[in-house]
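Novice: I am attaching a structure below and will ask some questions about it afterwards.
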Amino acid sequence: MAALRKSPETEADGGSTTLGEEARVIDLASSSVRELNAELHSPTARRYRVLSPRGTHAVAVGIDDDLDVHVEGDVGYYCGGMNQRGRIVVDGMAGPGLGENMMSGSIRVRGDASQSAGATARGGLLVVEGKTSMRCGISMKGVDIVVGGDVGPMSAFMAQAGRLVVCGDAADGLGDSIYEARIYVRGKVGELGADCIEKELRDEHRAELVELLTAAGMTDVAEDAGALGEFRRYGSARTLYHFTSEHAGSY
Amino acid sequence: MCGIVGLHVRDPELYPRLGSLLEAMLAGATERGPDAAGIAVYGDRQRCPEGHSAVSLLGAPADPAADIRRVLPGLSEVTVGRFGATTVITAPVDPDALAAAARTVAPEARVVGIGRDLVVYKDIGNPLELATSYDLASATGWQALAHTRMATESAITPEGSHPFSVGPDQCLVHNGSFSNHATIRRALRHEGIEFDSENDTEVAARFVAACLADGDDLEKSLHRLGEEFDGFYTLLVTTADGFAVVRDEIACKPAIVADHPRWVAMASEFRSLAVLPGLSEATIFEPEPGRVYAWQR
């Protein structure tokens, strides 16, 4: 929860409470992604607009500052990777590895995200308003991920800590070899992965779910008791924590 | 890595732009495969006129036209073009007959493409420079694909470049690696199928060609491939009337498809699709693991 408190996500899409500076514009049609990231690593402004990304890789990677970055278009691989404290909004789609190894801050994608969104991420909030493809939250280590649509197969694979909220469906292999992350899914769930089971959704979990949905700006769901009632919780059965040869067929 | 781009055009108004669109897509795949590149073009009547066949060769002699005419008497319209390492021979004759003639006059050369509608080019080097040597920008037609290679399973040679085209008007390109290709190659050799190389992707191309020859359609052939082959793969496979994409059950290798009323495109990465006309109106999705997606002309 500390990560959530540090991340004023409600500001992430417009930054109305930031310093009131003009947003600095960086157009990737004329600037390189290295120039963009160098600027974000030694920022001369608090707010940035990034234009013409057209699927470029590594947009806004390695931010370690209190910045608002608004990317106007589709991004390629690893957007927002290793983010600390930055608030990144992508008005488009995101390629593989969105927010991989994020430490804190927030990333919001207005469209869909490709595979491995939030891979290994340790903190912060990752919001995908559309759907994600495979392995969303693979090896997540503390990040909170909220997906407005569906997630693809093998999501939360080897998830270790953090929360994954899926407002749509989750495909086969959800939570395979999961450790201690908590998963909430509103829609249909395919075949669960090895050692992932459905668990009782108690009041404290409902409160956590409301908090995550609210933080993600999905208040229509968070305030709809009927919708909340459709969510189910999944987590680890904790039978595969330690390798034994008897389990070899289960991995 | 390795990069794949493919474009299947539905709207004939776009046929004249096939090559320029594919070249723009290729630019987005160059970093994924800087070692080598190959392309395949379907339906370019400048490159393979109506009623003619085209055979692509690697290691061909300087001008085999006279020898081809000697082996296939009565043919006046034999053309020979050189595009980097690839020699393309066309003539108004059956594709198999033209390939047999090419093998007779140039036994040291390797046939890397045969078809009535298809022309294949492959070589090693920077993909965009190769696209210039193939004059890709001027290509026209209804379907084309390109592959940029980062070699892993066999050497960087023109023969190891993709596409692998081992049946008439068929092409297969691959991002990934097969782990049981040697076993399957042995089994196919036992059935009398001949191989040109030790390349893993050639085995998949031979397997699909054998399935198609058995009467399977493209979709069924790729399902059968999924049952036999072990490894990582995203494949784009094209035929005289088809365009199909499949990924393995784990789907580590990327693929993204855009389906537009005027065209269907597939690429390893989104940035190759970003150049296409009307992309915002297309349905964009990533192929699900193990599922075959096929389109027919």
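The values are calculated or read from the model by the stated rules, or taken from the named source; none is laboratory data. Fair warning: this is a prediction, and the values are worked out from it, not measured in the lab. For neighbour counting, all protein chains shown are included, and Cβ atoms are generated from backbone atoms with ideal geometry for every residue, glycine included. Protein only, heavy atoms only, side chains kept; ligands, DNA and RNA dropped before computing areas. Shrake-Rupley method; radii C 1.70, N 1.55, O 1.52, S 1.80 Å.
Novice: Just the number, please: buried accessible area between B and A, total of both chains, 1.4 angstrom probe, nearest 100 square angstrom. Please report the intermediate quantities before stating the final value.
Specialist: Numbers: alone 11580 and 10780 Å², together 21230 Å².
Separately minus together, B and A give about 1100 Å² buried.
Novice: Along the positive direction of the dipole of the protein assembly as shown (beta-carbon charges: Lys, Arg +1; Asp, Glu -1; about the Cα centre), which of A:Thr44, A:Gly193, A:Gly123 reaches farthest?
Specialist: Result: A:Thr44.
Novice: So, one more: Can you give me the accessible area per residue for segment B:108-226, using a 1.4 Å probe, in Å²? Intermediate values should be presented prior to the final figure.
Specialist: Working: 4380 Å² over 119 residues.
Ligands and nucleic acids excluded, the result is 37 Å² per residue.
Novice: Oh, and also: What FRET efficiency do you get for B:Arg291 and A:Glu198 if R0 is 30 Å and r is their Cβ-Cβ distance, rounded to the nearest 0.05?
Specialist: Values: r = 26 Å, r/R0 = 0.88.
FRET efficiency, B:Arg291 to A:Glu198: 0.70.
Novice: Would you mind working out the magnitude of the charge dipole of the protein assembly as shown relative to its Cα centre, with +1 at each Lys and Arg C-beta and -1 at each Asp and Glu C-beta, to the nearest 20 Debye?
Specialist: On the way: 51 positive and 78 negative charges, 96 e Å.
Around 460 debye, computed over the protein assembly as shown.
Novice: In degrees between 0 and 90, to the nearest 10, how far off the longest principal axis of chain A does helix A:203-215 point, with axes built from Cα atoms?
Specialist: 20 degrees
Novice: Quick check: residue separation of A:Arg49 and A:Ala227 times 0.36 nm, minus the Cα distance between them. What number comes out in nm? Could you put the intermediate results ahead of the total?
Specialist: Details: separation 178, 0.36 × 178 = 64.08 nm, distance 3.49 nm.
This chain segment gains 60.6 nm when fully extended.
Novice: I would also like to ask the following. For A:Glu246, put the label point 7 Å out on the Cα→Cβ axis and report which residues of segment A:165-194 keep their amide N under 20 Å from it.
Specialist: Taking a point 7 Å out along Cα→Cβ of A:Glu246, the residues of segment A:165-194 whose backbone N falls under 20 Å are A:177-178, A:194.
Novice: Hey, if you drop one equal point scatterer on each alpha-carbon of chain A and run the Debye formula without solvent, what base-10 log of I(q)/I(0) do you get at q = 0.12, 0.13, 0.15 Å⁻¹?
Specialist: -0.63, -0.73, -0.94
Novice: Additional query: If you take the C-alpha gyration tensor of the protein assembly as shown, multiply each eigenvalue by 5 and take the square root, what semi-axes do you get, largest first, in whole Å?
Specialist: Values: eigenvalues 462, 142, 66 Å².
Taking √(5λ) for each Cα gyration eigenvalue gives 48, 27, 18 Å.
Novice: While we're looking at this one, here's another question. Return the residues of segment B:267-297 for which accessible area with all protein chains present is lower than in the chain on its own by 50 Å² or more; set the probe to 1.4 Å and exclude ligands, DNA and RNA.
Specialist: With the partner chains in place, segment B:267-297 has these residues losing at least 50 Å²: B:Phe270, B:Arg271, B:Glu286.
Novice: Okay, moving on. Check each of the chymotrypsin sites (Phe, Trp or Tyr not before Pro) in segment B:193-289 and keep only those in coil by DSSP with at most 15 other C-beta atoms within 10 angstrom; list them in order.
Specialist: Within segment B:193-289, the qualifying chymotrypsin sites (Phe, Trp or Tyr not before Pro) (loop, at most 15 other Cβ atoms within 10 Å) are B:Phe195.
Novice: What is the magnitude of the charge dipole of segment B:49-116 about its Cα centre, with +1 placed on the Cβ of each Lys and Arg, -1 on the Cβ of each Asp and Glu, and no other charges, expressed in debye to the nearest 20?
Specialist: Details: 6 positive and 7 negative charges, 25 e Å.
Computed charge dipole of segment B:49-116: roughly 120 debye.
Novice: With springs connecting C-alpha atoms under 10 Å apart, model chain B as a Gaussian network and identify which of B:Ser161, B:Ser56, B:Ser20 has the largest mean-square fluctuation.
Specialist: In this elastic network of chain B, the residue with the biggest mean-square fluctuation among B:Ser161, B:Ser56, B:Ser20 is B:Ser20.
Novice: Taking amide H positions as placed in the peptide plane 1.01 Å from N, state which residues far from A:Arg87 in sequence (5 or more) or on other chains have amide H under 5 Å from it.
Specialist: A:Leu67, A:Asp68, A:Val69, A:Ser106
Novice: Report, please, the projected area of segment B:49-116 averaged over directions, based on the convex hull of its C-alpha atoms, in nm².
Specialist: On the way: hull surface 15.2 nm².
Across all orientations, segment B:49-116 yields a mean hull projection of 3.8 nm².
Novice: Between the alpha-carbon centers of segment A:84-116 and segment B:248-288, tell me the distance in whole angstrom.
Specialist: So the separation of the two Cα centres works out to 20 Å.
Novice: Report the extension gain between B:Asp216 and B:Ala155 in nm, rounded to one decimal, defined as 0.36 nm multiplied by the number of residues separating them, less their alpha carbon distance.
Specialist: On the way: separation 61, 0.36 × 61 = 21.96 nm, distance 3.21 nm.
Once the chain is fully extended between B:Asp216 and B:Ala155, it gains 18.8 nm.
Novice: Where the centre of each part is set by its Cα atoms, how far does segment B:156-187 sit from segment A:34-56, in angstrom?
Specialist: Taking the Cα centre of each part, segment B:156-187 and segment A:34-56 sit 42 Å apart.
Novice: Work through the residues other than B:Gly113 whose Cβ is under 14 Å from its Cβ and net out their charges, Lys, Arg +1 and Asp, Glu -1. Please report the intermediate quantities before stating the final value.
Specialist: Details: positive: B:Arg47, B:Arg103, B:Arg110, B:Arg116, B:Lys122; negative: B:Asp44, B:Asp96, B:Asp117, B:Asp123, B:Glu159, B:Asp169, B:Asp196, B:Glu202.
Once positives and negatives cancel, what remains is -3.
Novice: Looking at the protein assembly as shown only, what percent of DSSP beta bridges run antiparallel? Nearest 5 please.
Specialist: Bridges in the protein assembly as shown that DSSP calls antiparallel: roughly 65 percent.
Novice: Continuing with this model, one more query. Largest first, what is the accessible-area ranking of B:Tyr15, A:Tyr78 with a 1.4 Å probe? Mind showing how you got there, number by number?
Specialist: Details: B:Tyr15 60, A:Tyr78 100 Å².
Largest accessible area first, the residues go A:Tyr78, B:Tyr15.
Novice: Next question, about the same structure. Highest mean first, how do B:88-101, A:149-162 rank when packing is the count of other Cβ atoms within 10 Å averaged over residues?
Specialist: On the way: B:88-101: 19.8, A:149-162: 25.1.
My ranking of the peptides, most packed first, is A:149-162, B:88-101.
Novice: Using the beta-carbon distance between A:Arg206 and B:Glu194 and R0 = 60 Å, what value does 1/(1 + (r/R0)^6) give for FRET efficiency, to the nearest 0.05? Walk me through the numbers on the way to the answer.
Specialist: Details: r = 65 Å, r/R0 = 1.09.
Computed FRET efficiency for A:Arg206 and B:Glu194 comes out at 0.35.
Novice: What nm distance separates the two modelled labels at B:Asp230 and B:Ala27, each placed 7 Å from Cα along Cα→Cβ?
Specialist: My value for the distance between the label points is 4.3 nm.
Novice: Could you identify which residue out of B:Gln46, B:Gln143, B:Gln170 has the top mean-square fluctuation in a GNM of chain B using Cα springs shorter than 10 Å?
Specialist: Checking each option, the largest mean-square fluctuation is seen for B:Gln46.
Novice: Under a straight-distance cross-link criterion of Cα-Cα below 28 Å, which lysines are reachable from B:Lys253, leaving out those fewer than 8 residues away in the same chain?
Specialist: A:Lys131, A:Lys141, A:Lys188, B:Lys122, B:Lys220
Novice: Same structure, new question: Specify which residue in the list B:Ala91, B:Gly59, B:Thr79 is farthest towards the positive end of the charge dipole of segment B:49-116, using unit charges on the beta carbon of Lys, Arg (+1) and Asp, Glu (-1), about the Cα centre.
Specialist: With unit charges placed on the Cβ atoms, the residue in question is B:Gly59.
Novice: Just which residues of segment A:65-96 lose 40 Å² or more accessible area with every protein chain there, against their chain alone, with the probe set to 1.4 Å?
Specialist: Checking the loss per residue gives A:Tyr77, A:Met93.
Novice: Between B:Arg110 and B:Asp94, what is the label-point separation in nm under the 7 Å Cα-to-beta-carbon projection?
Specialist: 2.7 nm
Novice: Using the Cα centre as the reference, give the magnitude of the dipole from point charges on the C-beta atoms of segment B:1-117 (Lys, Arg: +1; Asp, Glu: -1; all else neutral), rounded to the nearest 20 debye.
Specialist: Values: 11 positive and 14 negative charges, 25 e Å.
Roughly 120 debye, rounded to the nearest 20.
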